[in-house]
Amino acid sequence: MEKILLKNIENPNSADIAEYMKTGGYQSLPKALGMQPKEIIEEVKKAGLRGRGGAGFPVAMKWTFASADPKFPKYLLCNADEGEPGTFKDRPILEKNPHLLIEGMTISGFALRAEYGYIYLRGEYPAAKDILNKAIAQAYEKGFLGDNVAGKGFKFHLAVHQGAGAYICGEETALIESLEGDKGQPRIKPPFPVNVGAFAKPTVVNNVETLSNLPYLIGTGGEAYAKIGSPECPGPKIYCVSGHVEKPGVYELPMGTNLKDIIYSHCGGIKGGKKLKAVIPGGISTPILPPDKIDCAMDFVNMPKHGSMLGSGAVIVMDESVCLVKVCYRALKFFEHESCGKCTPCREGTGWLRKVLGRIENGQGMESDIDLLQSIAGNMLGKTFCPLGDGAASVVQNFIKHFRPEFEAHIKNKACSTG
Amino acid sequence: MFSETAKKELEEIRLKYPNARAALLPALYLAQREFGWLSPEAYEAVSSLLGVPKAITRGVGTFYAMYKHKPMGRNIVQLCTNVSCMILGAERLVDFLKIKYGLEPGGTSPDGQFSLVIMECIGACGTAPAMLVNDDFYENLTEKYIEEILEKYK
Ligand SMILES: Cc1cc2nc3c(=O)[nH]c(=O)nc-3n(C[C@H](O)[C@H](O)[C@H](O)COP(=O)(O)O)c2cc1C
Ligand code: SF4
């Protein structure tokens, strides 16, 4: 497949506007500005584009809701918080292809009749901040941003807003709170951001990778775009693979590429010819899979049928040397640290899960601890304010579901069998 | 107090937002740069420049992990220990920093050169283990490589 999102990134100057324009950049923008906003949304619908931030929500539907709201100004927020452990797919776009994102946001802004855009960038990406600010300045200079974009009378202003180290700010309503200068704690829905979002105005939040699809999508048209990848879930997808494979890294492939092929063909298989033990397919919050369950197409529609989720497309591969009790414990340390504290089941539950997992890991587990973990997780699931708490509970449930004997052995032997 | 340059910067940042409150996160970053950490004086300054009560500036500031609430070493070593880094040896590196540099997680080396902050995922999982020193990424870390890197900052 030709590279669309990671096009030209081997070029050391790919972040420069001149290089971007040399390879066809900023040609879709004038085309989009010659269309009606409604027509753009229609193309996005034909393309079947789904959000790449984790949930896979249909983009055209979200945009239609925001467009239908009579309030102005409207805001377009790019979610560049990329905090889901294992995920590093947006970073190459932000650092190497910032103009693709800027062009995509300007097209999207026009489709939504939004006047202001912000890129909510995680604090842990300081290099990306400088690169984006420079790229935005270049785009203003060339007239691709500003009061009269490309001379077509459309006003769109764009700025970077830097987060400060809080995973929960990736959740879209927490992101809005954080943009407004508050603690990143999720808001109750409804009202949804498409009606009452940033500064109480209609707001669309989309992921970096999602918005970066727009230049190609508009250039080639929705129908042609929909021929890439799986029919229910079209388009290119950036999979980011880490852990015990020969060639970890980012891979732009058709959406729906088989997980087994990603690991064994694209990434060269398990490092050092060791045995595969487990795969987390879509970032730490998505259900873990044992080796006999990885023959599945990696897209939003298919993965749930195989007991997991596409999530952010962050594949974490673990070989036989890994202790899964320890991994589960580390994951819960993360959730406890990142729980925003707003609701009790998550604030308390993540801490309790972490404590019980910690004592099992340290050889002080009790026989009843597995039941205790199940009971805590069961009392969190469906009772938390936002999906972070649910995610934490389901991580524990799925580790136990597939790897219970390892937990039992830990408790019985008061030690780890993997050393 | 903020320096004149920092005040100017804040005025420019303020223009990017529809109200002053939204400039709070960037203002706290500026304050951290100006004061070294978010001391009571730093909060005082931010509150008066933005016209936002101190209870709010402090409440917001303490929510976020990247705002520092005690004096830090001259360089901040931010080492990831989340799963992708952990399974490729990040914990050994934590031990190494302790033994070789007297660096405890959350602490500062006796000579004040380095502070160590344990990070959640920093988005460098494909080149794990990884860390940031101040604003620079270092990836595929080994003990030897860490020694070389930290030498540069001394
Ligand atoms: C706890 C939590 C963390 C999230 N983190 C991110 C993130 O880092 N990046 C992202 O794009 N979406 C993240 N999301 C999803 C967003 O809430 C939202 O669905 C997404 O940004 C919408 O964009 P999309 O439709 O283009 O995917 C997170 C959701 C939750 C519940
Ligand atoms: S589930 Fe956790 S992160 Fe979400 S609102 Fe509740 S406490 Fe906050």
Checklist entry - What number of residues within segment A:370-419 satisfy the criterion of being of a type outside the set (Val, Ile, Thr), more than 16 Å from ligand 1 (Cβ to nearest atom) and over 19 Å from residue A:308 (Cα atoms)? => result 18
Checklist entry - From the list A:102, A:119, which one is in contact with a Leu (Cβ under 7 Å, 6 or more places away or on another chain) and within 12 Å of chain B (Cβ to nearest Cβ)? => result A:119
Next on the checklist: Just to be sure before I move on: is residue A:364 part of a helix (DSSP H, G or I) and open to solvent by 50 Å² or more (accessible area, probe 1.4 Å) in the structure I sent?
Outcome noted: no
Checklist entry - Across segment B:116-128, what is the total count of residues that are of a type outside the set (Gly, Ala, Ser), within 9 Å of chain A (Cβ to nearest Cβ), open to solvent by less than 30 Å² (accessible area, probe 1.4 Å) and outside any loop (DSSP other than H, G, I, E, B)? => result 2
Next on the checklist: Suppose the filter is touching a residue at least 40 places away in the same chain (Cβ under 8 Å), open to solvent by 10 Å² or more (accessible area, probe 1.4 Å), within 16 Å of ligand 2 (Cβ to nearest atom) and farther than 19 Å from residue A:142 by Cβ; does residue A:95 pass it?
Outcome noted: no
Next on the checklist: For the list (1) outside any helix (DSSP H, G or I); (2) open to solvent by less than 40 Å² (accessible area, probe 1.4 Å); (3) touching a Phe, Trp or Tyr at 6+ places or on another chain (Cβ under 9 Å), I need the number of the one condition that residue A:185 fails.
Outcome noted: (2)
Checklist outcome for this item: Among residues of segment A:173-189 being free of Cβ contacts under 8 Å to residues at least 12 places away in the same chain and within 16 Å of ligand 2 (Cβ to nearest atom), the residue farthest from residue A:62 (Cα to Cα) is A:182
Next on the checklist: Tell me yes or no: at least one residue of segment A:323-332 is surrounded by 19 or more Cβ atoms within 10 Å (Cβ to Cβ) and either within 16 Å of ligand 2 (Cβ to nearest atom) or at pLDDT below 95 (or both).
Outcome noted: yes
Checklist outcome for this item: Expected single match for open to solvent by 40 Å² or more (accessible area, probe 1.4 Å), among the small types (Gly, Ala, Ser) and within 16 Å of ligand 2 (Cβ to nearest atom) among A:55, A:137, A:68 is A:55
Item to check | Whichever residue in segment A:142-178 is assigned to a helix (DSSP H, G or I) and hydrophobic (A, V, I, L, M, F, W, C) and, among such residues, is farthest from residue A:109 (Cα to Cα) | outcome: A:168
Item to check | Single unsatisfied condition, residue B:131 versus (1) away from every other protein chain (no Cβ under 14 Å); (2) within 18 Å of the chain's Cα centre (by Cα) | outcome: (1)
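The values are calculated or read from the model by the stated rules, or taken from the named source; none is laboratory data. Note that the structure is predicted; figures quoted are calculated from it, not measured. We place every Cβ from the backbone using ideal geometry, glycine too, and count neighbours over all the protein chains shown. Areas reflect the complete protein model, heavy atoms only, side chains present, ligands, DNA and RNA absent. Shrake-Rupley method; radii C 1.70, N 1.55, O 1.52, S 1.80 Å.
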